[in-house]
Amino acid sequence: MTRRPSNPIRRARAALETATVPLTATVVALIGTIMSGCGQGPPMRYVTLNAAPLAAPLATAPVQPVQLTAVHIPAELDRLEVVTQVSPNRLAVNETERWGAPLAQMMRRTLAQDLATRLPAGSFVLPDAPAPPGTRTLVVTVLTCEADASGTLTLQAAWTLLSGHPARVNLTQQATLRSTMAGRDAAAQAAALSQILGQLADRIATSIVAR
């Protein structure tokens with residue numbers, strides 16, 4: 001007994017291979033439609049992060065220049081697909097919604113924009129820009145970034161301020177920040193993360209000004 005193909009593409013191919021008479025144009029077109037339709041999927045959508053407005057002005061007194069040199073994030077989150085850590089041991093990967101650029105790079109750019117508006121004029125050096133002598137370096141490490149069942153995005157991060165050659169640690173602090181997501185899609189997650197980065201910039205700037 002001959003086993004029949006179990007899906008539309010196999011059935012279409014089998015029809016072409018076993019046909020004993022010339023196929024009409026209509027039949028060929030129908031087979032082509034079936035085969036092409038099976039390869040189509042939902043459209044890909046891309047999201048990005050945006051700088052958050054300053055909530056309250058900080059001190060305007062000049063401070064020693066600071067440059068954000070790195071933002072480290074967990075490897076499982078640093079991919080083009082939007083990933084949500086929905087529980088301590090489970091990730092949800094969205095195959096149809098992606099970041100417009102590597103997430104760690106976007107987070108560094110956005111956090112740099114936030115810090116530039118929060119620190120006194122002339123005291124913040126953009127990433128990868130030439131830094132004047134004596135510029136301190138800032139390294140940010142994201143420990144976790146997860147959404148719970150209620151739609152709250154939580155980010156836990158630490159930052160370290162270093163100076164001198166060889167570099168010595170001037171300051172190390174940590175914070176847990178939260179933002180409510182307006183929905184469950186990638187755009188809502190991007191908006192919530194943008195708000196959290198603004199909150200993180202507030203904390204970092206305050207700690208730097210205090211030094």
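Every number here is computed from the coordinates shown, using simple stated rules; none is lab data. In this text, all values refer to a predicted model and were calculated from it rather than measured experimentally. For neighbour counting, all protein chains shown are included, and Cβ atoms are generated from backbone atoms with ideal geometry for every residue, glycine included.
What's the local net charge at residue 80, with K and R +1, D and E -1, over the other residues with C-beta under 14 Å away?
That sum, taken over residues with Cβ under 14 Å, equals -2.
When its C-alpha radius of gyration is set against 2.2 N^0.38 Å (N residues), the stretch 95-211 gives a value of 1.15.
Residue ranges 175-181, 64-70 sort as 64-70, 175-181 when ordered by packing (mean number of other C-beta atoms within 10 Å per residue, highest first).
If R0 equals 25 Å, the separation of the Cβ atoms of residue 185 and residue 121 corresponds to a calculated FRET efficiency of about 0.10.
Taking a Cβ cut-off of under 12 Å around residue 198, the surrounding Lys, Arg, Asp and Glu residues balance to a net charge of 0, with basic ones at +1 and acidic ones at -1. Residue by residue, the stretch 159-164 carries 3J(HN,Hα) couplings of 9, 10, 10, 10, 8, x Hz when phi is fed to the Karplus relation 6.51 cos²θ - 1.76 cosθ + 1.60 (θ = phi - 60°); x denotes Gly or Pro.
Between residue 95 and residue 148, the simple label model (points 7 Å from Cα in the Cβ direction) yields a spacing of 3.1 nm. When peptides 44-54, 184-194 are sorted by average Cβ neighbour count within 10 Å, with the highest value leading, the order is 184-194, 44-54. Compared with the direct C-alpha span, the chain from residue 54 to residue 72 gains 4.1 nm at full extension, assuming 0.36 nm per residue. Here is the list for the stretch 63-105: GluC sites (Glu not before Pro) lying in DSSP coil, each with at most 14 other C-beta atoms within 10 angstrom of its C-beta, are 76.
Annotation: peptides 118-127, 165-174, ranked by per-residue average of other Cβ atoms within 10 Å with the highest first, follow the order 118-127, 165-174.
Between residue 173 and residue 44, the modelled label-to-label distance comes to 4.0 nm, taking each label 7 Å out from Cα in the direction of the beta carbon.
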